[in-house]
1. Conditions: (1) under 19 Å from Val183 (Cβ atoms); (2) touching a helix residue (DSSP H, G or I) at 6+ places or on another chain (Cβ under 7 Å); (3) not aromatic (Phe, Trp, Tyr). Met239 meets all but one. Number of the miss?
2. Looking at the structure I just gave you, is Glu289 of a type in the set (D, E, K, R), in contact with a strand residue (DSSP E or B) (Cβ under 9 Å, 6 or more places away or on another chain), closer than 26 Å to Arg382 by Cβ and not assigned by TED's automatic domain parsing to the domain that holds Asn198?
3. Quick one: which of Asn66, Asn70, Asn171 is touching a residue at least 60 places away in the same chain (Cβ under 8 Å) and polar (S, T, N, Q)?
4. Do you know which residues across the stretch 138-163 are part of a strand (DSSP E or B), polar (S, T, N, Q) and farther than 17 Å from Phe217 by Cα?
5. Sort out which residues of the stretch 156-182 are more than 16 Å from Leu139 (Cβ to Cβ) and under 18 Å from the mean Cα position of the chain (by Cα), and write them in order of number.
6. I need the full set of residues from the stretch 297-310 which are among the aliphatic types (A, V, I, L, M) and farther than 19 Å from Ser378 by Cα, in order please.
7. Which one is surrounded by the fewest Cβ atoms within 10 Å (Cβ to Cβ), of the residues in the stretch 95-114 that are touching a strand residue (DSSP E or B) at 6+ places or on another chain (Cβ under 9 Å) and among the β-branched types (Val, Ile, Thr)?
8. If you take the residues in the stretch 330-380 that are touching a helix residue (DSSP H, G or I) at 6+ places or on another chain (Cβ under 8 Å) and polar (S, T, N, Q), which one is nearest to Asn254 (Cα to Cα)?
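The values are calculated or read from the model by the stated rules, or taken from the named source; none is laboratory data. Since the model is a prediction, treat every value here as computed from it, not as a measurement. In this analysis, Cβ positions are derived from the backbone assuming ideal geometry, glycine residues included, and neighbour counts consider all displayed protein chains.
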Amino acid sequence: MTLTPTLDPAKAEETSHESRVLIIMTGGTICMQPSPGGFIPARGFQEKCMARVPTFNDGSASTTMNVVANAAHELKARPSLRTPMTAYGRQVRYTVFEFEELLDSSSIDAKGWTQIAEAIERNYKLFDGFVVLHGTDSLAYTCSALSFMLQNLGKPVVLTGSQAPMLELQNDATDNLLGSLVVAGHFMIPEVCLYFNNRLFRGNRTTKVAASDFAAFDSPNCAPVAVTNSMRTNVNWDMVHRPTSLEPFSIRTNLDTTHVACLRIFPGIKPEMVDAVLKLDGLRGLILETFGAGNAPSGQDNAMINVLASAIQRGIVIVNITQCLTGSVSPVYATGMSLSRAGVVAGLDMTTEGALTKLAYLLALPESTPESVAKNMSVSIRGELTESTLPIFRHPDGELSDRIQTLTSLGYAIAQGDLEKVQAITKREHHWLLNDADYSGNTPIHLAATSPSIKILHLLLSQGGSVHLRNRAGHTPLFLAASAGLSEHTLLLRKSGAHLHSDERPAAELMARHRPFVWGMAGVGPKEISQREMEEEWEWDAGKNRMIPGSAP
């Protein structure tokens with residue numbers, strides 16, 4: 001008999017309707033204040049800019065939130081604020097974590113990106129989502145870089161900034177920050193996104209299009225992930241990119257743009273100029289911004305083509321992207337085809353920011369080769385480019401009823417352990433189904449966490465189901481699996497990056513006294529299994545369709 005701990009119903013109700021978001025302040029115009037010498041960064045952003053504004057502070061008693069502040073994993077209690085109840089019946093509790101040295105966005109490099117990524121990694125299990133405040137000059141570059149550095153991301157990371165400081169009377173900072181906070185606290189969009197001027201973009205598809213207008217950013221080749229109007233935020237769930245690898249969240253910190261370069265082709269450019277760039281010491285990759293659909297001058301006697309081909313033979317990866325704001329590289333003209341024959345990789349419709357940071361990321365991967373990097377530059381790994389797909393046909397009638405009916409059918413199939421039916425439904429439908437919820441807030445992953453078939457759980461996880469969503473009772477799939485005493489389900493969820501929400505841990509620790517083994521697998525109690533032990537000692541056996549002890553010592 002499972003012992004259920006007694007919790008204060010009022011407290012449980014309060015926390016189940018409250019999201020936890022960490023705002024990471026890196027610098028930028030949004031936090032500046034006037035001074036005799038011009039605008040300067042303002043410390044104490046939470047107190048000066050947010051605590052006095054009713055939309056950011058419901059006036060409730062302030063409580064502290066723990067934040068991992070440094071590499072030593074030192075916990076610091078920071079004062080928090082809470083938004084009023086939103087249209088979605090939820091409040092967002094948040095705190096602002098300011099970098100000791102604010103970053104200049106026009107001077108940011110891989111070191112600054114690593115600092116942001118590490119702050120997210122250290123606090124990943126403590127918060128439901130993250131908002132990063134950043135200067136607009138290099139905001140699109142940082143969004144793109146983080147989208148690759150944050151591997152197997154399962155929670156929303158929203159970057160924003162402003163064209164005018166928040167302390168100015170007329171500004172865009174208030175709407176940008178509030179919109180970002182609402183998205184990070186309400187919608188489980190496991191991507192690095194950019195929120196600006198009431199639109200949420202996929203971060204690695206964005207570029208800055210205006211120096212001073214409030215509509216400073218756009219995503220020319222990819223529709224917004226969400227749009228905010230006067231009533232609510234409408235999310236295009238069909239286009240949300242989700243990780244499909246059964247691996248926990250991790251970061252790659254050795255991204256380095258010092259070994260890649262970007263060169264814009266112009267009329268009259270000499271092959272010698274391109275050759276000089278390609279012979280820079282240590283250069284490993286080049287982004288070539290070409291005309292139209294990927295065209296560049298061949299040069300007299302194909303001199304330009306010969307320069308590029310020679311560099312490729314030396315192991316330098318060259319990627320062809322268009323200078324145009326919209327459209328894609330397509331070798332339909334003779335000049336474009338000659339580049340392709342020389343070994344230049346088609347970057348399709350990637351932005352300059354996306355292509356440059358992706359190239360730097362791929363070159364930093366262990367055991368990467370010029371051939372593997374070149375191959376992956378034309379493949380979407382974070383939704384950064386549009387791949388050719390077969391058209392999808394839908395019946396136009398009854399979309400809402402079909403959606404509910406399909407979700408219900410899937411729920412019954414999961415509960416009955418009917419793997420074949422689950423496979424048929426998920427093969428027929430889009431990935432929106434995996435993170436949709438029933439009347440109790442349970443997603444297919446919640447249901448699969450207690451399904452009699454672990455194969456179903458593995459299938460749904462491998463197709464992009466989120467392990468971090470909570471149902472209306474505030475519970476994650478991991479909590480449900482451990483509560484049901486399903487050790488293999490618990491192990492598989494942990495292996496896929498699941499962790500208990502901070503609100504669940506008190507109840508979990510009580511139940512771990514009576515069922516220490518399964519709750520230890522969930523990461524709590526006297527027999528707690530760490531993430532490192534999980535990685536080393538357990539693995540998925542595809543042949544047996546179950547979790548087995550690994551071969552690591």
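1. Single failed check for Met239: (2).
2. Spelling it out, Glu289 is indeed of a type in the set (D, E, K, R), in contact with a strand residue (DSSP E or B) (Cβ under 9 Å, 6 or more places away or on another chain), closer than 26 Å to Arg382 by Cβ and not assigned by TED's automatic domain parsing to the domain that holds Asn198.
3. None of the other options fit; the residue is Asn66.
4. Across the stretch 138-163, the qualifying residue is only Gln151.
5. Answer for the stretch 156-182, where residues must be more than 16 Å from Leu139 (Cβ to Cβ) and under 18 Å from the mean Cα position of the chain (by Cα): Pro156, Leu181, Val182.
6. Result: Ala303, Met304, Ile305, Val307.
7. Thr114
8. Among them, the one singled out is Thr357.
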